[in-house]
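The block underneath contains the structure these notes are about, expressed in structure tokens.
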Amino acid sequence: MNGQTSFTSPFVYLGRKALTLVSEMGAMALFLIRGFSMIFRPRQLPVIIQHVYYIGARSATIVMLVGLFTGMVLGLQLFHTLVKFGSAGVLGSAVALSLIRELGPVLTAIMITARAGSSMAAEIGIQRISEQIDALHTMRIDPLRYLVSPRIAASVISFPLLTALFDLIGILGGYISGVVLLGLNDGTYFYRVQSSVEMADIVGGFVKSVVFAVIVSTLCCFQGFFTHTRTDSYGAKAVGLSTTSAVVLSCVLILVADYVVTSFFL
Amino acid sequence: MDLPLIEFQKVTKRFSEHAVLDQVDLKIYEGQVTTIIGKSGTGKSVLLKHIIGLMTPDEGVILFRGQPLQKMSRSERNRYFSQISYMFQNNALFDSMTVFENIALPLRQTTDLSQKAIEEKVRARMEQTELTEAADKYPSELSGGMQKRVALSRALVTDPQMILFDEPTTGQDVIRRNAILSMIAQYQRKFGFTAVLISHDVPDVFFISNRILALSEGRIIFQGTPEEFEGFEHPFMDEFVQSIEGLQEHLTGIQSKRQFKVRNQMGLSRKRPQESYVVALFTLEDFDQLCEHLGHTRGQEVLNALGAYINKHFGGVGGFSARQSKNQFATFLPFSDLNEAERVLKDFARDLQKEGLDAIQAKAEVPRELCFEFPILAGVAQGEAGGEQIDHVFQEAQLRQKEIARVLCERRR
């Protein structure tokens, strides 16, 4: 009997984990549908604008900084690689396409996850454990409408805008390292950027950023909203773990979703 | 009796295997203050959360005006919940919002009132709860008592028909505790809502309650008036007697009502038949207006100081005193007759008018510019050991009450 138990226990464990995963994914899908459906309810606009400021405007500096150095590093690495093949002139194309198609949406999403996603999870988590969400219920204010919907909407607005900013600053970074520091002709650089980037690349990048926005905002809000149901910890520790889970899962899912969306576009 | 506003019929709620509420039957009547008492962890908050809809029963029915909540349509349920406000034990204020924003939140999110109308309503509530100067502060910048007032203002701002108070006085000192209870009672009368309180503040909370519900081990073991509760025989009562007996340091610093009762029973039992005793009854008239004028905390300080003054004066002639109701004190004089008591009362009235009221107001730190004129009434009545019930003597003292002193602001200025 014991032998049987020890033989089946890994399967039991895996089965239980799989069931939990499916159930959580279902709950998260419902959470997203409900949250999304409430975006267009009355009185939402001022709250959405407020969150666009927190998620979007206040993340702009860090996104610009990361964009600048990403572009500079890309410019530096690609210049030395391309020189070996005698193709230094296509540096503009390489930098622009890498940023617009891949690095822009992914790195922007990861930066916003670190900055705004963690704060979404922590803020909602604290509101949950301090009964502020229960207080909303008693005031007949739907917490999903008041806390989650505006964050999803604000993310969907902010992510593409910040991605565009990241791309722009990144291309400028590539210009600084490739043209200003390494002496590539500036006309060549911008000509290559202009000639190689197509509308499909830009649309693809924006589609990715919208997908990442939905993933990050839903996941972070979900983790915070259900902090009280965690079985591994309680109170402030639960908020900490929810925040960590939100950030880690968001980053992993951003990369998974990046692959899936890319495979659709190529 | 009328149809209850809220009625629980055999309501059971389990967490895992443990039944926190076990076949609970209770009734809450409209326009009354109902207090739920019981030890920690007996399911008092769970009970309130069932009323507000944060929890649903595993078994049993909750009725609102005779109609089961479970069978209500969505719009009926919305209408029902819109009539109830809830004040959380830890206040549940939004810590990233200012006091003004906290109070305005339910109006902004659930009504179509204009910005101006919301502002006016919120300002009015803040004024009534003495929060005007804290409008732009954050909850973390306020004292515990002020946070309670913010939570109360937020609960009141939607003009609810029923407010549920989950331990509104937790963590407060005795003066503030009584100030909060007095504030709840005052608003309850002013706005006419039905109040349901969870409180451990026995007996202070009895002075403002119409009905008491005692919850023990998940069951309601008593429902009735505070007076009926005093005669309730149950092991649960013993635990409460202990807490009541230890109330000397509570609001007035004088004896509790129960101690008072025990002492005057002992005093009477030692007397020979037909030996006389006297009961004096003092009332701080216009107490609600006083609280409104000075604020509830200062109002309670005045009451506290008056109780101490009475006790000190009559203690010298063998009397002992207790707070009898929200604004009344009773003094039992076991060794006096009516003539002697009237003479002592006359001296007391003279001292009170001459210096006592000034001393009381100074002790309560009432600023001169806030002076409020109020009278003190007193009446004495004589009883005889083995004669009529002491309650009748109290009633007679009440009937004989007349003004013995009055705060004169002109004189204070």
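The values are calculated or read from the model by the stated rules, or taken from the named source; none is laboratory data. Quantities reported herein were computed from a predicted structural model and do not represent experimental measurements. All Cβ positions, even for glycine, are placed from backbone atoms using ideal geometry, and neighbour counts span all protein chains on display. Note: areas computed on protein heavy atoms with side chains; ligands, DNA, RNA excluded. Shrake-Rupley method; radii C 1.70, N 1.55, O 1.52, S 1.80 Å.
For the reader, a short list of remarks on this structure follows.
- Number of partner chain Cβ atoms within 10 Å, mean per residue of B:150-161: 1
- Protection proxy ranking of A:224-234, A:94-104, B:36-46 - average other beta-carbon atoms within 10 Å, highest first: A:94-104, B:36-46, A:224-234
- For the range A:87-190, size of Cβ-based charge dipole, Lys and Arg +1, Asp and Glu -1, in debye: 140 debye
- The calculated FRET efficiency for B:Glu59 paired with A:Arg115, based on their beta-carbon distance and R0 = 51 Å, is about 0.60.
- For chain B: rounded, prolate or oblate by the Cα gyration tensor [a/c cutoff 1.5]: oblate
- Interface A-B: total buried accessible area of about 1700 Å², 1.4 Å probe, protein heavy atoms only.
- Take each residue in A:138-144, count the other chain C-beta atoms within 10 Å of its C-beta, and the mean is 6.
- For the range B:308-322, 3J(HN,Hα) computed residue by residue from phi via the Karplus equation (6.51, -1.76, 1.60; θ = phi - 60°) reads 5, 5, 4, 4, 5, 5, 7, x, x, 10, x, x, 9, 10, 8 Hz, glycine and proline entered as x.
- Here r is the Cβ-Cβ distance between A:Gln50 and B:Ala117 and R0 is 25 Å; the resulting FRET efficiency, rounded to 0.05, is 0.70.
- Helix axis angle, A:2-37 relative to chain A longest principal axis, alpha carbon, degrees: 70 degrees
- Top positive-direction residue, dipole computed over the protein assembly as shown with Cβ charges, set B:Gln361, B:Phe329, A:Ala122: A:Ala122
- Amide H contacts under 5 Å for B:Met87: B:Leu164, B:Phe165, B:Asp166, restricted to partners 5 or more places along the chain or on a different chain, H placed in the peptide plane at 1.01 Å from N.
- When the listed pairs B:Lys116/B:Lys148; B:Lys49/B:Lys190; B:Lys312/B:Lys363; B:Lys27/B:Lys148; B:Lys137/B:Lys363 are checked against a 23 Å cut-off, the alpha-carbon distance exceeds it for B:Lys116/B:Lys148; B:Lys49/B:Lys190; B:Lys27/B:Lys148; B:Lys137/B:Lys363.
- Take the range B:1-159 with all the other protein chains still there, run a 1.4 Å probe, and you get 45 Å² of accessible area per residue.
- Shielding score for B:84-96, defined as the mean number of other chain Cβ atoms within 10 Å: 4
- When the solvent-accessible area of the range B:48-152 is split by element, carbon and sulfur atoms take up 45 percent of it, the probe being 1.4 Å.
- Lys, Arg +1 and Asp, Glu -1 on Cβ, resulting dipole of chain B about Cα centre, debye, nearest 20: 360 debye
- Contact residues in the range A:8-49 by the 30 Å² criterion (accessible area, 1.4 Å probe, full protein complex versus chain alone): A:Arg43.
- Carbon/sulfur fraction of accessible area - the range A:121-178, other protein chains in place, 1.4 Å, %: 69 percent
- Residue with peak Gaussian network fluctuation, chain A [Cα springs, cutoff 10 Å], from A:Val248, A:Val52, A:Val256: A:Val256
- Once the Cβ-Cβ distance of A:Gln77 and A:Met199 is raised to the sixth power relative to R0 = 25 Å, the FRET efficiency obtained is 0.40.
- In this structure the amide hydrogen of B:Tyr29, modeled in the peptide plane, comes within under 5 Å of the amide hydrogens of B:Leu5, none closer than 5 places in sequence on its chain.
- Among B:Val317, B:Val33, B:Val24: highest mean-square fluctuation, GNM of chain B, C-alpha pairs under 10 Å: B:Val317
- By accessible area, using a 1.4 Å probe on protein heavy atoms only, the range B:333-408 has 47% of its surface on carbon and sulfur.
- Residues considered: B:Leu306, B:Leu338, B:Leu370. Largest GNM mean-square fluctuation over chain B, using C-alpha springs under 10 Å, is found at B:Leu370.
- Our coupling estimate for the range B:395-404, obtained by passing each phi through the Karplus curve with A = 6.51, B = -1.76, C = 1.60 and θ = phi - 60°, is 4, 5, 4, 4, 5, 8, 5, 9, 5, 10 Hz, Gly and Pro reported as x.
- All distinct Cα pairs of the protein assembly as shown go into the 1/r average, and the inverse of that average, the Kirkwood radius, is 30.1 Å.
- Three-way shape call for the range B:166-240 based on the alpha-carbon gyration tensor, with the a/c threshold at 1.5: prolate
- Think of the range B:27-158 as having a plus end and a minus end, set by charges on the Cβ of Lys, Arg, Asp and Glu; of B:Gly66, B:Ser140, B:Ser82, B:Gly66 sits farthest toward the positive end of this dipole.
- Assuming charge only on the beta carbon of Lys and Arg (+1) and of Asp and Glu (-1), the dipole of the protein assembly as shown about its Cα centre is about 1240 debye to the nearest 20.
- Residue-span extension gain [B:His392 to B:Arg406] - 0.36 nm each, minus C-alpha spacing: 2.3 nm
- Per residue value of the accessible surface for chain A (all protein chains in place, 1.4 Å probe), Å²: 50 Å²
- Here the range B:95-237 carries DSSP beta bridges of which approximately 50% are antiparallel, counting only pairs with both residues inside.
- Applied to the range B:113-130, the Karplus parametrisation 6.51 cos²θ - 1.76 cosθ + 1.60 on θ = phi - 60° returns per-residue 3J(HN,Hα) values of 5, 6, 4, 5, 5, 4, 4, 4, 5, 5, 4, 4, 5, 5, 5, 5, 9, 6 Hz, with x for Gly and Pro.
- Database note for chain B: Cys without another Cys beta carbon under 4.7 angstrom, B:Cys291.
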